Amino acid sequence: MFDEHEAESAVVTVGDGRGFVIKHRHDRLVVTAAHCLPRFPPCHGASYLEERTYSELLAPLGDDLAVWAACLFADPIADIAVLGSPDDQELTEAAEAYEALVESATPLSIADVPAEEFGAFHPHPGFLLSLEGSWFPCIIEYIGDGPLLISDAAQRIVGGMSGSPILSAEGLAIGVVCLGGNHAANARLASHLPGWLLREPAPVAEDD
């Protein structure tokens, strides 16, 4: 069984929902459901800093929203988003507050559900975090590389849980809670996160 308190420390408040901290190389990022964002950045590679930055979006669980964050990735179809630090040159204090928040968390490790034969539902045990802060069991199903479907949850999935991590039986982050209801589609990290985040860093060549 995974360390429940350690896993909960990765979860933060994002708007009216939640998110969770992961580590990507030297940075700590927050994964959440895209619908937890107050708005989407414009679809433009040269958008302005203020268009990609949210004020008072994050907080420790149970605290008032106070920490700023920048949108690094958002997919409205899969309903998943990745947040990072505000610009540390233009928004120094906001960046420091973001770093303080994510450094206080124990990042979750990303994994995928075990690979199975394509074309059938494959149930696996999983865990979800209630609004009261307790982990409860559920069954995770999927087809191929598709989204994760939650069934047989020991508690209801209610408003405010959006953006919470879906954990494997080993306590690894495999998905994001996006919808309530039995067999509703939820974002799957291995399928729906951007490639740059999932890629392993290139090995450093050793000097001869």
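For the range 4-103, the Kirkwood hydrodynamic radius comes to 13.5 Å, computed from all pairs of different C-alpha atoms.
Would you work out the relative contact order for the range 124-192, in percent, from Cα pairs under 8 angstrom that are 6 or more residues apart? Please report the intermediate quantities before stating the final value.
On the way: 145 pairs, mean separation 20.8, N = 69.
Relative contact order here is 30 percent.
Using the Karplus relation 6.51 cos²θ - 1.76 cosθ + 1.60 with θ = phi - 60°, the per-residue 3J(HN,Hα) values for the range 9-17 come to 5, 7, 8, 10, 7, 10, x, 8, x Hz, with x marking Gly and Pro.
The phi-based Karplus calculation (6.51 cos²θ - 1.76 cosθ + 1.60; θ = phi - 60°) puts the 3J(HN,Hα) values of the range 180-187 at x, x, 5, 6, 6, 6, 10, 4 Hz, whole numbers, x for Gly and Pro. What is the calculated FRET efficiency for Glu90 to Glu6, with r their C-beta to C-beta distance and R₀ = 25 Å, to the nearest 0.05? The pair Glu90/Glu6 has a calculated efficiency of 0.15. Shown here is the pair-distance distribution of the chain: with all Cα-Cα distances grouped in 5 Å bins from zero up to the longest one, the shares run 1, 8, 16, 20, 20, 15, 10, 6, 3, 1, 0, 0 percent.
Spatially, the range 140-156 and the range 160-180 are offset by 10 Å when compared through their Cα centroids. Of all DSSP bridge pairs formed entirely within the chain, close to 95 percent run antiparallel. Close amide-amide hydrogen proximity is noted between Ile80 and Ala34, Asp75, each under 5 Å apart and 5 or more residues distant or on a separate chain (H modeled in the peptide plane; Pro and chain starts excluded).
Spin-label pair Glu200-His44: with each label point 7 Å from Cα along the Cα-Cβ axis, the two points sit 4.0 nm from one another. Length available on full extension from Ala59 to Ala154: 0.36 nm per residue minus the Cα-Cα distance, which gives 31.5 nm. Using the alpha-carbon centroid of each, what span in Å lies between the range 95-109 and the range 16-74? Taking the Cα centre of each part, the range 95-109 and the range 16-74 sit 13 Å apart.
Residue separation of Asn182 and Ser134 scaled by 0.36 nm, minus their Cα-Cα distance, works out to 15.3 nm of gained length.
Dividing the mean sequence gap of close Cα pairs (under 8 Å, 6+ apart) by how many residues the range 30-148 holds gives a relative contact order of 17 percent. Packing order of peptides 46-59, 186-199, highest average first: 186-199, 46-59 (average count of other Cβ atoms within 10 Å over each peptide's residues). Sorting 144-154, 32-42 by average packing, meaning the other beta carbons within 10 Å per residue, from highest down gives 32-42, 144-154.
With each run of n ≥ 4 DSSP H residues scored as -39500 (n - 2.57), what mean residue ellipticity at 222 nm is computed for the chain after dividing by its residue count and rounding to the nearest 500 deg cm²/dmol? Let's see the in-between values first.
Working: 5 runs with 29 residues, N = 208.
After summing the helix terms and dividing by the residues of the chain, the value is -3000 deg cm²/dmol.
For the range 64-182, the percent of C-alpha pairs falling in each 10 Å distance bin, counted from 0 to the bin holding the largest distance, reads 12, 37, 33, 15, 4, 0. Considering only Pro41, Val12, Leu57, the residue lying farthest towards the positive end of the dipole of the range 4-103 is Pro41, judged by Cα position with unit charges set on Cβ.
Taking 0.36 nm per intervening residue step and subtracting the Cα-Cα distance, what contour gain separates Asp75 from Thr106 on full extension?
On the way: separation 31, 0.36 × 31 = 11.16 nm, distance 2.52 nm.
Contour length minus the Cα-Cα distance gives 8.6 nm.
What number in nm² do you get for the range 148-205 if you take the convex hull of its Cα atoms and divide its surface by four?
On the way: hull surface 20.8 nm².
For the Cα atoms of the range 148-205, the hull's average projected area reads 5.2 nm².
Could you work out the relative contact order of the chain? I mean the mean sequence separation of Cα pairs under 8 Å and 6+ apart, divided by the number of residues, in percent.
Numbers: 462 pairs, mean separation 43.9, N = 208.
Normalised by residue count, the contact order of the chain is 21 percent.
Annotation: amide H of Ala185 has no partner in the under-5 Å range at sequence separation 5 or more or interchain, hydrogens built in the peptide plane.
Where a number appears in this text, it was derived from the coordinates with a stated rule and is not lab data. Just so you know, these numbers come straight off a predicted model, no measurement behind them. Cβ coordinates were reconstructed from backbone atoms using ideal geometry, including for glycine residues, and neighbour counts include every protein chain displayed.
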